[in-house]
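*Asks:* Handing you a structure now.
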Amino acid sequence: MSKRILGMGNAVLDILAEANEEDLTKNNLKKGTMALVEQEDSDKLLNEINFIKKDSGGSVANTLAAISLFGGDSCFCGKVKNDDLGNVFVQSMEKVGTRFLCKMANNGLPTARCIVMVTSDGERTMQTFLGASTTLEKDDLTDSFFDNIDYVLIEGYLWSSPSAREAINKAVDISKDRKLKIIFSLSDSGLVGMFKNEFEQFIVNDVDILIGNESEFNELSNNNEEALKKITDSVDIAAITLGENGAKIIHNNETTNINANKVDNVLDSTGAGDMFAAGFLYKILNDSSLKDSAEFGCLVASRIVTQYGARPTDDFLNFIKQNN
(Lines give C-alpha, C1' and ligand atoms only; values in the text may rest on other atoms or scores of the structure.)
Protein backbone atom coordinates (compact mmCIF):
# COMPACT_ATOMS: atom_id res chain seq x y z
CA MET A 1 0.00 0.00 0.00
CA SER A 2 1.32 3.44 -0.95
CA LYS A 3 2.44 5.62 1.94
CA ARG A 4 1.15 9.15 2.43
CA ILE A 5 3.08 12.43 2.33
CA LEU A 6 2.36 15.89 3.77
CA GLY A 7 4.26 18.87 2.40
CA MET A 8 4.84 22.38 3.74
CA GLY A 9 5.91 25.16 1.40
CA ASN A 10 5.28 28.55 -0.14
CA ALA A 11 1.91 28.71 -1.86
CA VAL A 12 2.58 30.75 -5.00
CA LEU A 13 0.17 31.04 -7.91
CA ASP A 14 2.00 30.92 -11.24
CA ILE A 15 0.51 33.25 -13.85
CA LEU A 16 1.72 32.60 -17.38
CA ALA A 17 1.58 35.61 -19.67
CA GLU A 18 2.61 36.62 -23.18
CA ALA A 19 5.06 39.51 -23.24
CA ASN A 20 7.41 41.45 -25.48
CA GLU A 21 10.74 43.14 -24.86
CA GLU A 22 9.01 46.45 -24.15
CA ASP A 23 6.97 44.85 -21.34
CA LEU A 24 10.17 43.69 -19.67
CA THR A 25 11.90 47.05 -20.01
CA LYS A 26 8.88 48.99 -18.77
CA ASN A 27 8.72 46.84 -15.62
CA ASN A 28 12.48 46.91 -14.94
CA LEU A 29 12.83 43.16 -15.52
CA LYS A 30 16.01 41.52 -16.77
CA LYS A 31 15.22 38.91 -19.37
CA GLY A 32 15.59 35.31 -18.21
CA THR A 33 15.78 36.13 -14.49
CA MET A 34 13.46 36.13 -11.45
CA ALA A 35 12.87 39.32 -9.46
CA LEU A 36 11.22 39.58 -6.03
CA VAL A 37 8.99 42.65 -5.85
CA GLU A 38 6.58 44.42 -3.53
CA GLN A 39 2.80 44.24 -3.95
CA GLU A 40 2.54 47.59 -5.75
CA ASP A 41 4.81 46.47 -8.60
CA SER A 42 3.11 43.08 -8.80
CA ASP A 43 -0.38 44.63 -8.89
CA LYS A 44 0.70 47.02 -11.64
CA LEU A 45 1.97 44.21 -13.87
CA LEU A 46 -1.03 42.04 -13.01
CA ASN A 47 -3.34 44.73 -14.40
CA GLU A 48 -1.33 45.26 -17.59
CA ILE A 49 -0.35 41.83 -18.85
CA ASN A 50 -2.25 39.35 -21.06
CA PHE A 51 -2.69 36.08 -19.17
CA ILE A 52 -2.47 32.66 -20.79
CA LYS A 53 -2.85 30.37 -17.78
CA LYS A 54 -2.97 30.36 -13.98
CA ASP A 55 -1.77 27.37 -11.94
CA SER A 56 -0.60 26.67 -8.41
CA GLY A 57 3.16 26.76 -7.96
CA GLY A 58 5.95 26.75 -5.41
CA SER A 59 8.63 24.07 -5.11
CA VAL A 60 7.00 21.61 -2.69
CA ALA A 61 3.55 22.29 -4.16
CA ASN A 62 4.92 21.29 -7.59
CA THR A 63 6.44 18.12 -6.16
CA LEU A 64 3.26 17.08 -4.36
CA ALA A 65 1.05 17.80 -7.37
CA ALA A 66 3.22 15.54 -9.51
CA ILE A 67 3.20 12.79 -6.86
CA SER A 68 -0.60 12.91 -6.91
CA LEU A 69 -0.69 12.81 -10.71
CA PHE A 70 1.55 9.72 -10.64
CA GLY A 71 -1.01 8.06 -8.37
CA GLY A 72 0.40 8.92 -4.94
CA ASP A 73 -1.38 10.25 -1.86
CA SER A 74 -0.36 13.79 -0.87
CA CYS A 75 -1.49 16.78 1.22
CA PHE A 76 -0.20 20.36 1.23
CA CYS A 77 -0.04 23.08 3.86
CA GLY A 78 0.78 26.62 2.77
CA LYS A 79 -0.77 30.04 3.28
CA VAL A 80 -3.02 31.81 0.80
CA LYS A 81 -5.55 34.57 1.25
CA ASN A 82 -9.24 34.07 0.54
CA ASP A 83 -9.04 36.05 -2.70
CA ASP A 84 -9.36 35.22 -6.39
CA LEU A 85 -5.78 33.98 -6.74
CA GLY A 86 -5.96 32.02 -3.48
CA ASN A 87 -9.07 30.21 -4.66
CA VAL A 88 -7.43 29.36 -7.99
CA PHE A 89 -4.40 27.99 -6.11
CA VAL A 90 -6.49 25.72 -3.88
CA GLN A 91 -8.67 24.52 -6.75
CA SER A 92 -5.68 23.70 -8.97
CA MET A 93 -4.04 21.68 -6.18
CA GLU A 94 -7.19 19.74 -5.39
CA LYS A 95 -7.92 19.19 -9.09
CA VAL A 96 -4.79 17.00 -9.36
CA GLY A 97 -5.62 15.16 -6.12
CA THR A 98 -3.47 16.99 -3.55
CA ARG A 99 -5.52 18.01 -0.52
CA PHE A 100 -5.03 21.61 0.64
CA LEU A 101 -5.13 21.64 4.44
CA CYS A 102 -4.47 25.15 5.78
CA LYS A 103 -7.31 27.61 6.24
CA MET A 104 -7.29 30.64 3.95
CA ALA A 105 -6.52 34.01 5.53
CA ASN A 106 -9.35 36.54 5.47
CA ASN A 107 -7.05 39.45 6.28
CA GLY A 108 -3.50 40.55 5.57
CA LEU A 109 -1.36 40.17 2.46
CA PRO A 110 -2.86 38.83 -0.78
CA THR A 111 -1.99 35.43 -2.21
CA ALA A 112 1.57 35.12 -3.51
CA ARG A 113 1.98 35.18 -7.26
CA CYS A 114 4.74 34.64 -9.77
CA ILE A 115 4.04 36.31 -13.11
CA VAL A 116 5.91 34.30 -15.73
CA MET A 117 6.39 36.45 -18.83
CA VAL A 118 7.12 34.43 -21.97
CA THR A 119 8.57 36.31 -24.92
CA SER A 120 8.35 35.18 -28.55
CA ASP A 121 11.76 33.46 -28.32
CA GLY A 122 10.44 31.18 -25.55
CA GLU A 123 12.47 32.88 -22.79
CA ARG A 124 10.83 33.09 -19.35
CA THR A 125 11.21 36.17 -17.13
CA MET A 126 9.62 36.01 -13.68
CA GLN A 127 8.32 38.67 -11.30
CA THR A 128 7.43 37.26 -7.86
CA PHE A 129 5.50 38.73 -4.93
CA LEU A 130 5.57 36.35 -1.93
CA GLY A 131 2.58 37.91 -0.17
CA ALA A 132 0.55 35.65 2.10
CA SER A 133 2.94 32.70 1.67
CA THR A 134 5.35 34.39 4.11
CA THR A 135 2.70 34.48 6.85
CA LEU A 136 2.40 30.73 7.46
CA GLU A 137 2.52 30.24 11.23
CA LYS A 138 2.32 27.45 13.79
CA ASP A 139 -1.39 28.05 14.46
CA ASP A 140 -2.08 27.13 10.82
CA LEU A 141 -1.09 23.54 11.64
CA THR A 142 -3.24 21.15 13.62
CA ASP A 143 -2.40 17.67 14.88
CA SER A 144 -5.06 16.17 12.60
CA PHE A 145 -3.03 17.18 9.52
CA PHE A 146 -0.57 14.45 10.50
CA ASP A 147 -3.11 11.64 10.85
CA ASN A 148 -2.19 8.65 8.66
CA ILE A 149 0.89 10.50 7.34
CA ASP A 150 4.18 8.64 6.83
CA TYR A 151 6.47 11.36 5.44
CA VAL A 152 6.63 15.14 5.97
CA LEU A 153 8.32 17.21 3.25
CA ILE A 154 9.57 20.66 4.26
CA GLU A 155 10.73 23.35 1.84
CA GLY A 156 13.90 25.32 2.56
CA TYR A 157 12.34 28.46 1.11
CA LEU A 158 10.11 28.69 4.21
CA TRP A 159 13.15 29.50 6.34
CA SER A 160 13.12 33.15 5.24
CA SER A 161 9.90 33.68 7.24
CA PRO A 162 10.26 33.71 11.06
CA SER A 163 6.63 32.63 11.56
CA ALA A 164 7.05 29.79 9.06
CA ARG A 165 10.10 28.57 11.00
CA GLU A 166 7.88 28.31 14.08
CA ALA A 167 5.44 26.27 12.00
CA ILE A 168 8.32 24.01 10.93
CA ASN A 169 9.32 23.49 14.56
CA LYS A 170 5.76 22.49 15.43
CA ALA A 171 5.61 20.09 12.46
CA VAL A 172 8.90 18.51 13.51
CA ASP A 173 7.72 18.04 17.11
CA ILE A 174 4.51 16.34 15.94
CA SER A 175 6.43 14.23 13.40
CA LYS A 176 8.94 13.04 15.98
CA ASP A 177 6.17 12.20 18.44
CA ARG A 178 4.48 10.10 15.75
CA LYS A 179 7.75 8.70 14.37
CA LEU A 180 7.19 10.16 10.90
CA LYS A 181 10.05 10.54 8.42
CA ILE A 182 11.13 14.15 7.79
CA ILE A 183 12.29 15.15 4.30
CA PHE A 184 14.04 18.48 3.74
CA SER A 185 14.56 20.18 0.38
CA LEU A 186 17.46 22.64 0.37
CA SER A 187 15.63 24.76 -2.26
CA ASP A 188 18.32 27.29 -3.26
CA SER A 189 22.08 27.70 -2.80
CA GLY A 190 21.74 31.39 -1.89
CA LEU A 191 19.23 30.47 0.80
CA VAL A 192 21.60 27.77 2.09
CA GLY A 193 24.34 30.41 2.34
CA MET A 194 22.10 32.72 4.39
CA PHE A 195 20.96 30.04 6.84
CA LYS A 196 23.89 27.62 6.73
CA ASN A 197 24.31 27.12 10.48
CA GLU A 198 20.56 26.79 11.09
CA PHE A 199 20.20 24.36 8.18
CA GLU A 200 23.07 22.20 9.39
CA GLN A 201 21.67 22.03 12.92
CA PHE A 202 18.20 21.17 11.60
CA ILE A 203 19.54 18.50 9.25
CA VAL A 204 21.76 16.83 11.84
CA ASN A 205 19.08 16.79 14.52
CA ASP A 206 15.84 16.24 12.65
CA VAL A 207 16.09 15.27 8.97
CA ASP A 208 15.79 11.71 7.64
CA ILE A 209 15.94 12.39 3.88
CA LEU A 210 17.85 15.37 2.45
CA ILE A 211 17.35 16.47 -1.17
CA GLY A 212 19.22 19.16 -3.09
CA ASN A 213 21.40 19.88 -6.07
CA GLU A 214 25.18 19.82 -6.13
CA SER A 215 25.61 23.57 -5.64
CA GLU A 216 23.30 23.53 -2.60
CA PHE A 217 25.22 20.68 -0.99
CA ASN A 218 28.52 22.40 -1.80
CA GLU A 219 27.29 25.61 -0.18
CA LEU A 220 26.15 23.69 2.89
CA SER A 221 29.53 21.97 3.28
CA ASN A 222 31.77 24.85 2.11
CA ASN A 223 33.01 22.48 -0.62
CA ASN A 224 34.66 20.44 2.12
CA GLU A 225 34.44 16.66 1.73
CA GLU A 226 34.74 16.00 5.46
CA ALA A 227 31.94 18.47 6.22
CA LEU A 228 29.81 16.95 3.47
CA LYS A 229 30.35 13.47 4.92
CA LYS A 230 29.28 14.69 8.36
CA ILE A 231 26.04 16.00 6.85
CA THR A 232 25.26 12.94 4.73
CA ASP A 233 26.13 10.60 7.61
CA SER A 234 23.60 12.38 9.83
CA VAL A 235 20.65 11.54 7.56
CA ASP A 236 19.30 8.20 6.43
CA ILE A 237 19.28 9.19 2.75
CA ALA A 238 20.94 12.06 0.89
CA ALA A 239 19.86 12.63 -2.72
CA ILE A 240 22.13 14.96 -4.70
CA THR A 241 21.08 15.97 -8.20
CA LEU A 242 23.86 16.64 -10.71
CA GLY A 243 22.03 18.08 -13.71
CA GLU A 244 23.15 16.46 -16.96
CA ASN A 245 25.32 14.09 -14.91
CA GLY A 246 22.34 12.49 -13.20
CA ALA A 247 22.27 12.08 -9.44
CA LYS A 248 23.90 10.26 -6.55
CA ILE A 249 22.26 8.69 -3.56
CA ILE A 250 24.15 8.28 -0.26
CA HIS A 251 22.82 5.71 2.23
CA ASN A 252 24.68 3.82 4.96
CA ASN A 253 28.00 5.30 3.78
CA GLU A 254 27.43 3.86 0.32
CA THR A 255 27.07 6.03 -2.79
CA THR A 256 24.97 4.98 -5.77
CA ASN A 257 25.51 6.93 -8.98
CA ILE A 258 22.52 7.35 -11.28
CA ASN A 259 22.96 8.27 -14.93
CA ALA A 260 20.96 11.09 -16.44
CA ASN A 261 18.49 10.43 -19.24
CA LYS A 262 19.45 11.89 -22.60
CA VAL A 263 17.65 15.14 -23.42
CA ASP A 264 17.80 16.49 -26.97
CA ASN A 265 16.08 19.81 -26.42
CA VAL A 266 16.04 21.59 -23.06
CA LEU A 267 13.34 24.28 -23.09
CA ASP A 268 12.98 25.14 -19.40
CA SER A 269 15.03 23.71 -16.53
CA THR A 270 13.27 25.53 -13.68
CA GLY A 271 11.14 22.56 -12.62
CA ALA A 272 13.82 19.86 -12.84
CA GLY A 273 14.61 19.71 -9.13
CA ASP A 274 10.94 19.68 -8.12
CA MET A 275 10.25 16.84 -10.54
CA PHE A 276 13.28 14.79 -9.50
CA ALA A 277 11.95 15.01 -5.94
CA ALA A 278 8.48 14.02 -7.15
CA GLY A 279 9.68 10.93 -9.00
CA PHE A 280 12.14 9.92 -6.29
CA LEU A 281 9.66 10.32 -3.43
CA TYR A 282 6.77 8.73 -5.31
CA LYS A 283 8.80 5.54 -5.62
CA ILE A 284 9.94 5.77 -1.99
CA LEU A 285 6.29 6.01 -0.96
CA ASN A 286 5.70 2.75 -2.84
CA ASP A 287 8.66 0.95 -1.19
CA SER A 288 10.87 0.86 -4.31
CA SER A 289 14.63 0.53 -3.96
CA LEU A 290 16.71 3.70 -3.69
CA LYS A 291 18.26 2.98 -7.10
CA ASP A 292 14.90 2.52 -8.79
CA SER A 293 13.54 5.61 -7.03
CA ALA A 294 16.44 7.80 -8.14
CA GLU A 295 16.27 6.47 -11.69
CA PHE A 296 12.59 7.38 -11.84
CA GLY A 297 13.41 10.82 -10.43
CA CYS A 298 15.97 11.36 -13.19
CA LEU A 299 13.49 10.19 -15.82
CA VAL A 300 10.81 12.59 -14.59
CA ALA A 301 13.31 15.48 -14.40
CA SER A 302 14.56 14.78 -17.92
CA ARG A 303 11.04 15.00 -19.29
CA ILE A 304 9.94 18.20 -17.51
CA VAL A 305 12.82 20.23 -19.00
CA THR A 306 11.45 19.59 -22.50
CA GLN A 307 8.33 21.68 -21.78
CA TYR A 308 7.54 25.09 -20.33
CA GLY A 309 6.32 25.04 -16.75
CA ALA A 310 6.87 22.76 -13.78
CA ARG A 311 3.61 20.79 -13.86
CA PRO A 312 3.16 17.54 -15.80
CA THR A 313 0.96 17.76 -18.90
CA ASP A 314 -1.10 14.88 -20.29
CA ASP A 315 1.67 14.16 -22.82
CA PHE A 316 4.18 14.15 -19.98
CA LEU A 317 2.12 11.68 -17.94
CA ASN A 318 1.60 9.39 -20.95
CA PHE A 319 5.36 9.36 -21.55
CA ILE A 320 6.07 8.54 -17.89
CA LYS A 321 3.45 5.78 -17.90
CA GLN A 322 4.95 4.22 -21.02
CA ASN A 323 8.52 4.40 -19.70
CA ASN A 324 8.00 3.53 -16.05
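*Asks:* Mind checking Rg over Rh on segment 7-132, alpha carbons, Kirkwood formula for Rh?
*Replies:* So for segment 7-132, dividing Rg by the Kirkwood Rh gives 0.99.
*Asks:* What's the carbon and sulfur percent of the chain's accessible surface, probe 1.4 angstrom, rounded to a whole number?
*Replies:* For the chain, the apolar C and S fraction of the accessible surface comes to 42 percent.
*Asks:* Would you please put 284-294, 45-55, 61-71 in order of how densely packed they are, using the mean number of other Cβ atoms within 10 angstrom per residue and starting with the highest?
*Replies:* Working: 284-294: 18.0, 45-55: 14.4, 61-71: 26.2.
Put in order of decreasing packing, that is 61-71, 284-294, 45-55.
*Asks:* What number, in percent, do you get for the relative contact order of the chain if the mean sequence gap of Cα pairs under 8 Å and at least 6 apart is divided by its residue count?
*Replies:* 17
*Asks:* Per residue, how much accessible area does segment 1-155 have with a 1.4 Å probe, in Å²?
*Replies:* It amounts to 44 Å² per residue over segment 1-155.
*Asks:* In addition: For the cross-link pairs 31/53; 44/283; 53/229; 81/170; 95/138; 81/181, which exceed 32 Å when the distance is taken from alpha carbon to alpha carbon?
*Replies:* From 31/53; 44/283; 53/229; 81/170; 95/138; 81/181, over 32 Å: 44/283; 53/229.
*Asks:* Cβ under 12 Å from residue 47's Cβ, residue 47 left aside: what net charge do those residues give with Lys, Arg +1 and Asp, Glu -1?
*Replies:* Its environment carries a net charge of -3.
*Asks:* Set Lys and Arg Cβ to +1 and Asp and Glu Cβ to -1, take the dipole of the chain about its Cα centre, and tell me which of 146, 212, 39 lies farthest positive.
*Replies:* Of the options given, the answer is 146.
*Asks:* Still on this structure, I have one more. Identify, among 131, 186, 161, the residue whose Cα sits farthest towards the positive end of the charge dipole of segment 90-197, taking +1 on the Cβ of Lys and Arg and -1 on the Cβ of Asp and Glu, with the dipole about the Cα centre.
*Replies:* Towards the positive end, the residue furthest out is 186.
The values are calculated or read from the model by the stated rules, or taken from the named source; none is laboratory data. Just so we're clear, the structure is a prediction, and the values are computed from it rather than from any experiment. Note: ideal-geometry Cβ built from the backbone for every residue, glycine included; neighbour counts use all protein chains shown. Accessible surface is based on the protein model in full, side chains and every heavy atom, while ligands, DNA and RNA are left aside. Shrake-Rupley method; radii C 1.70, N 1.55, O 1.52, S 1.80 Å.
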